[in-house]
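Asks: Handing you a structure now.
We did not get these values from a lab; they are worked out from the coordinates using the rules stated. All values reported here derive from a predicted model rather than from experimental measurement. A quick note on method: Cβ atoms are made from the backbone with ideal geometry, for glycine too, and the neighbour counts reach across all protein chains shown.
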Amino acid sequence: HNKVSSHTKQKIYYVISFKMKILLLLNILPVLSAWSFVPPNVSRKAIKNELLEVCSDVNRGLTSTFDEDEKILKLFEKLEKLNPTKSPLKSSLVNDTWELQYTTSAAILGKGDYPRVGPILQSIDTTTLSAENTEVVSYFGLKVPRKVTANLIPVNGQLTDVKFERFSVGPIGFDAPDKFRGSLDVTYLDKDMRLTRGDLGNLFVLTRFNAAK
């Protein structure tokens, strides 16, 4: 009479097994809800908004502190991992005029130089393999447009070498020396934002330019 039937043993096994599965599920659910059920586009949007907010506070990087640069770098790297556009240089999304929101390049920011006035723009056209950077610089209150044109030499769908062709300051133009070369690594691209790394390790945060703003 003390013997437990195999049928009863089976029932006990199923009950214990079921309870263990419930406990396991209860332990896993908080982790899943925190990480797995956040749609990538929602996550990207939040990171983009935070990144642009910090960029607007540091005047494109001119006034950023070490901590602010570190915060921007972390957000930058988070977005790179969520890049929705494979082979950005092969996407039509890249072809447009882009406005610089932040960079770590002191030369482009004009640190210790004459101030930049208004937007710093970069136009890219992969159909003609060309690029153009434009800005306006204030020389003692006199606003002078400056422009650089370049040829793009794609290495792959994300990285392109850059050969600068011509510089112009106001009405004066001159050919760029042959040694003036660089590269652009487009690490993130969507309909309104582009993240790029330069050959010297500089970061660039750009948004699609809206001339009507």
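Asks: Amide H to amide H, which residues 5 or more places from ASP96 or on other chains are under 5 Å from it, using H placed in the peptide plane?
Replies: ILE124
Asks: In the neighborhood of ALA176, defined by Cβ-to-Cβ distances under 11 Å, what is the net charge if each Lys or Arg adds +1 and each Asp or Glu adds -1?
Replies: Working: positive: LYS163, ARG166, LYS179, ARG181; negative: GLU165, ASP175, ASP178.
Result for the neighbourhood of ALA176: +1.
Asks: How would THR196, THR65 line up from fewest to most surrounding beta-carbon atoms within 10 angstrom?
Replies: Ranked by crowding around the Cβ, least crowded first: THR65, THR196.
Asks: Mean separation of Cα pairs under 8 Å and 6+ residues apart, divided by the residue count of the range 40-208: what relative contact order is that in percent?
Replies: Numbers: 329 pairs, mean separation 34.4, N = 169.
Relative contact order of the range 40-208: 20 percent.
Asks: Using each residue's phi in the range 49-65, evaluate 6.51 cos²θ - 1.76 cosθ + 1.60 at θ = phi - 60° and report the 3J(HN,Hα) Karplus result to the nearest Hz, with x for Gly and Pro.
Replies: 4, 5, 4, 5, 5, 5, 4, 5, 7, 10, 6, 6, x, 4, 10, 6, 8
Asks: In nm, to one decimal, how far is the modelled label at ASP96 from the one at PHE140, with both set 7 Å along Cα→Cβ?
Replies: Calculated label separation equals 4.1 nm.
Asks: Would you grab the residues whose amide H sits under 5 Å from the one on VAL137? Only those 5+ places off in sequence or on another chain, please, with H modelled 1.01 Å from N.
Replies: HN-HN under 5 Å from VAL137: VAL117, VAL144, ARG146.
Asks: Then there is this: Quick query: amide H of MET193 versus all other amide H atoms, modeled in the peptide plane; which residues come in under 5 Å with a sequence gap of 5 or more or a different chain?
Replies: The list, which skips near neighbours in sequence, is ARG208.
Asks: Exceeding 31 Å between C-alpha atoms, which entries from my cross-link table qualify? They are LYS71/LYS143; LYS48/LYS90; LYS45/LYS143; LYS81/LYS163; LYS143/LYS179; LYS74/LYS179. Don't skip to the answer; put the middle values down first.
Replies: Details: LYS71/LYS143 33 Å; LYS48/LYS90 23 Å; LYS45/LYS143 36 Å; LYS81/LYS163 28 Å; LYS143/LYS179 29 Å; LYS74/LYS179 33 Å.
Pairs exceeding 31 Å: LYS71/LYS143; LYS45/LYS143; LYS74/LYS179.
Asks: Something else: Order of SER64, SER138 from fewest to most other C-beta atoms within 10 Å? Please report the intermediate quantities before stating the final value.
Replies: Working: SER64 20, SER138 14.
Going from least to most buried by this count: SER138, SER64.
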